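Bear in mind that the values in this text are calculations on the coordinates, not laboratory data. Computed from a prediction, not measured in an experiment: that's the story for all the values here. Here the Cβ is made from the backbone with ideal geometry for all residues, glycine too, and neighbour counts use every protein chain on show.
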Amino acid sequence: MVSQTIDAEGHLIDSGDLQAILTTIIDHGGTYEIERLDVGRTNGEVSRLTICISAETRPSLEHLLEKLSPFGCFVHDTPDVLLRPADIDQTAPEDFYSTTNHRTDVRMDGEWVTVQKQRMDAAIVVTGETAVCRKLRDLRRGDHIVCGMHGVRVLPDVQSRDKPTFGFMSNEVSSERRVETAVARVADLMRQTRQRQGMIGFVAGPVLIHTGGTDYFCELIRLGYVDLLLSGNALAVHDIEFALSGTSLGIDLTSGHPVEHGHRNHMRAINTIRRAGGIAAAVSSGVLSSGVMHACHTHNVKYLLAGSIRDDGPLPETIMDLVAAQDGYSDALADVDMVVMLSSMLHSIGVGNMLPSWVKVVCVDINPAVVTKLSDRGSTQTIGIVTDVGLFLHQLVRALRTT
């Protein structure tokens, strides 16, 4: 057996991390002996754990250390982080450390240094006294890459017991929860974020338009609760079609009935905006006088539209270069404090991968599987509300208006 002593500290009891650490060791064929456990006695005090873990082989032990890292475990009396140079562009050494979305420190010259631009599924590049997360495609030959688990410390984001606002339904997804209660809590969280001048971003799909949420989302923009909108070509096209023709994919959204030759309205909307020179030009010229995209322009809300292989047109503002769209999303999300995701599975999962764990995420979808997928991909801070997006926005606006 090969052994290694590790440490962990934080709200180990409240968060369930202590149980998770012990369970993970057993599930991966290891054994353990607790050498020290100091339990915090107040909300402000952290607990500290020192534990010796053993596995049959060195590779098995390294694999176990990797599995324990997300719970805040790090090697006892750890040496400085191991750095290896990238030998070719866009590729890391074989044993590079792959990041989580939790706050991460690396040990350099005997001191812990906080990693910048934290996100999951990245490598850590060290330059001088700075450590930063970088995607594999952005690595360059000669970059110093963090390798192995030694000298790496992950700090899971834990909800304090005396600040339960965002913990009211953590790690739960249910279609039976009272929606009004959930909406009231989300409204309260948005209010708090705005009061401390934090940024609120939205990720939305065309369902926002289909479910009658246009006016309510525009009201959120007017009330100052939308700083950023991330979506695809479809949301903008359907929004513009509704603004110009009163339909979405040929369906009259007021009556719910198909309109004769209404299927043409989708392409006519794209053509109208292209003829005007783009969304911004259409708003300036008066061609587009209502809807979500109009509200974004008139209230200076930043938006990015990421294209896909399915897109018609697309609209001039839609970014069809996938790498450029990802980079644009990532840059725009750098300063957000809260993200609300409205029925857009692929965009939501993509954005979830870009966010550190301390950014609060609310995912609203009629399908519980969407929220589950987000959590499965590592965005465990996601709070799921299973309901119709139009209904959610209606109640959210009402809740924000009443205070």
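Each principal axis of the Cα cloud of region 1-85 was taken in turn, and the coordinate range along them, longest first, works out to 40, 31, 19 Å. Projecting the alpha carbon convex hull of region 78-158 along each direction and taking the average yields 4.8 nm². Under Stokes-Einstein, with the Kirkwood radius over Cα pairs as Rh, the value for the chain at 25 °C and 0.890 mPa s is 106 µm²/s. Tally Lys/Arg at +1 and Asp/Glu at -1 over every other residue whose Cβ is under 12 Å from the Cβ of A122; what's the total? Local charge sum for A122: +3.
Entry note, the chain: relative contact order of 15 percent, from Cα contacts under 8 Å with a spacing of 6+ residues. Backbone phi angles across region 367-374, fed through the Karplus curve with coefficients 6.51, -1.76 and 1.60 (θ = phi - 60°), yield HN-Hα couplings of 9, x, 5, 5, 5, 4, 4, 4 Hz in residue order; Gly and Pro are listed as x. Assuming R0 = 30 Å, can you tell me the calculated FRET efficiency for the pair S284 and T91, based on Cβ-Cβ distance, to the nearest 0.05? Between S284 and T91 the formula returns 0.05.
Couplings for region 386-397, taken from phi via the Karplus curve 6.51 cos²θ - 1.76 cosθ + 1.60 with θ = phi - 60°, read 8, 6, 6, 5, x, 5, 4, 5, 4, 6, 5, 4 Hz in order; Gly and Pro are left as x.
Of the three principal axes defined by the Cα atoms of region 43-108, the extents in descending order read 47, 33, 21 Å. If you fit an axis through the alpha-carbon atoms of helix 214-223 and take the longest principal axis of the Cα set of the chain, what angle between them do you get, 0 to 90°, nearest 10? Roughly 70 degrees, rounded to the nearest 10.
Along region 117-126 the Karplus relation, 6.51 cos²θ - 1.76 cosθ + 1.60 evaluated at θ = phi - 60°, assigns HN-Hα couplings of 6, 4, 7, 7, 6, 10, 9, 10, 10, 9 Hz to successive residues, with x for each Gly and Pro. What's the angle, to the nearest 10 degrees (0 to 90), between helix 233-245's Cα axis and the longest principal axis of the chain? Approximately 20 degrees, to the nearest ten.
An ellipsoid equivalent to region 234-280, defined through the eigenvalues of its Cα gyration tensor, has semi-axes of 19, 10, 7 Å when rounded to whole angstrom and sorted largest first.
About its Cα centre, the dipole of region 284-372 is roughly 200 debye, where the only charges are +1 on Lys and Arg Cβ and -1 on Asp and Glu Cβ.
When Lys and Arg each count +1 and Asp and Glu each count -1, what net charge do the other residues less than 14 Å away from H263, Cβ to Cβ, add up to?
Neighbour charge sum, excluding H263 itself: -2.
Using a simple spin-label model with pseudo-atoms 7 Å out from Cα toward Cβ, T42 and R274 lie 6.6 nm apart. The H on the amide N of V339, modeled in the peptide plane, is under 5 Å from the matching H of G201, K360, V361, V362, each at least 5 residues off or on a different chain. The C-alpha atoms of the chain define a longest principal axis, and helix 264-276 lies at about 90 degrees to it. The calculated FRET efficiency for Q195 paired with H297, based on their beta-carbon distance and R0 = 22 Å, is about 0.25. Taken about its Cα centre, region 164-401 carries a charge dipole of about 360 debye when Lys and Arg each add +1 at the Cβ and Asp and Glu each add -1 at the Cβ. Here region 239-337 is assigned +1 on the Cβ of each Lys and Arg and -1 on the Cβ of each Asp and Glu. Its dipole about the Cα centre then comes out at about 440 debye.
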